[in-house]
Amino acid sequence: MKKIKICYHGNCFDGVSSAAVFSRFYAERVHAGWEHVFQPMMHRAGALFDDGVFDGDENAIVDFKYSPSPDLTWWFDHHQSAFLSDDDEAHFRADRSGRKFLDPHYKSCTKFIADTLASRFGFDPEPQRELIHWANIIDGALYSSAAEAVEMKAPALRLALVVEADRDLALMEMIIRRLQSRTPAEVASEPEIAARIAPLYDRHLRSIDVIRSEAREIGPVVFFDVAACDMEGYSKFIPYYLHPDATYSVSVSHSSFRAKVSVGSSPWAPRPRTHDLAKICERYGGGGHAVVAAISLAPDALDEARRIAAEIVNELQT
Ligand SMILES: [Mn+2]
């Protein structure tokens, strides 16, 4: 059986939703009956794409950086920092396949894919309307309030907890396949998914307490260092829920595979953001969006992460 390899932004609701939309499109409009293989891609220090990652008969990347590999068939991204190098960008600009797309104006790659496939390839996004809606809210930080984001009353937000935190690849694939035909609320309520949500929701409530005790306001910035607290994957809106007057958050976290500096801005800030956070993080080898960005360092580079975080806190004071 021929196979389509779909590389998606791992542990990201928009990445998983993008994979669910693209894979339904592929089965309906490109090749029915091909095997779909899903592989999460993670931002990390060093090479992003392992040799042999594009081992399908066709290969797609959704919601993740570009690769100039001749084996890459489809690409969709909406990140401002979409290219690892100027050469990669030039390679993309010269592409005439009509299957590689970038639009940094989109709040979510899921909606970008749905709109692009609808207008260019006759795809009907309607069956996944709810998924597209929530992916756009989650990835675009379009919540009506910090409370909506942090209290997580909507089932899609609880499903996002599992998607963002769980490392079980079989579970991710199950979620992607189910989201091809079911709503996020339906998927979240299925017993084997609900059982995964419960401990993560408890952990989410505990992370609110940890950030409450670690965070301090430095001018317009909420800063917290949770490297010692086993906090990979906490909600980035907690600092704004707890500090509604803050404009920015800067944090240091640590996991087995990276030391991370996260830099964000509050969608509800009384004083508006003036810095482009992607540009700041790019100077340190990171990237993202103007409103939220990050720097991933090697796991033994925690001291450097702390030094960078302090510099960024300083830069955001004016
Ligand atoms: Mn995205």
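Listing for the model above:
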quantity	calculated
Extreme residue, positive dipole direction of segment 27-67, given options GLY46, ILE61, HIS31 (C-beta unit charges)	GLY46
Check: segment 3-191 dipole with +1 on Lys, Arg Cβ and -1 on Asp, Glu Cβ, in debye	380
By average C-beta atoms within 10 angstrom, highest first, the peptides 264-275, 56-67, 88-99	56-67, 264-275, 88-99
Projected label distance in nm at ASP95 and ARG283, using a 7 Å step from Cα toward the beta-carbon	3.1
Length-normalised contact order of the chain in % [C-alpha pairs under 8 Å, at least 6 apart]	15
Approximate spin-label separation ARG271-ARG203, in nm, with each point projected 7 Å along Cα-to-Cβ	3.5
Volume in Å³ per residue [convex hull over Cα atoms, computed for segment 215-315]	87
Cα-centred dipole magnitude for the chain, charges only on beta-carbon of K, R (+1) and D, E (-1), debye, nearest 20	480
Acute angle (nearest 10 degrees) that the helix 13-25 long axis makes with the longest principal axis of the chain, alpha-carbon atoms	10
Amide H partners (placed H, <5 Å) of SER265, local residues excluded	SER249
Reach of LYS107 by Cα under 26 Å, taken over lysines that are not fewer than 8 positions away in the same chain	LYS5, LYS65, LYS153, LYS236, LYS260, LYS279
At 1.002 mPa s and 20 °C, Stokes diffusion of segment 3-191 via Kirkwood alpha-carbon radius, µm² per second	128
Peptide ranges 239-251, 178-190 listed from the most packed, as the mean C-beta count within 10 angstrom indicates	239-251, 178-190
Cα-based equivalent ellipsoid, the chain: semi-axes from gyration tensor eigenvalues, Å	31, 23, 18
Antiparallel bridge percentage (DSSP; both residues within the chain; nearest 5)	45
By average C-beta atoms within 10 angstrom, highest first, the peptides 11-23, 132-144, 193-205	11-23, 132-144, 193-205
Local electrostatic count, GLY287, Cβ distance below 12 Å [Lys/Arg +1, Asp/Glu -1]	0
Furthest towards positive pole of dipole, GLY288, LEU179, GLY233, structure part the chain, Cβ charges	LEU179
Total charge dipole magnitude, segment 172-292, about the Cα centre, Cβ charges on Lys, Arg, Asp, Glu only, Debye to nearest 20	260
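Throughout, read-outs are computed from the coordinates displayed, never taken from laboratory work. Not measured: the values here are computed from a predicted model. Virtual Cβ from ideal backbone geometry, glycine too; neighbours counted across all protein chains shown.
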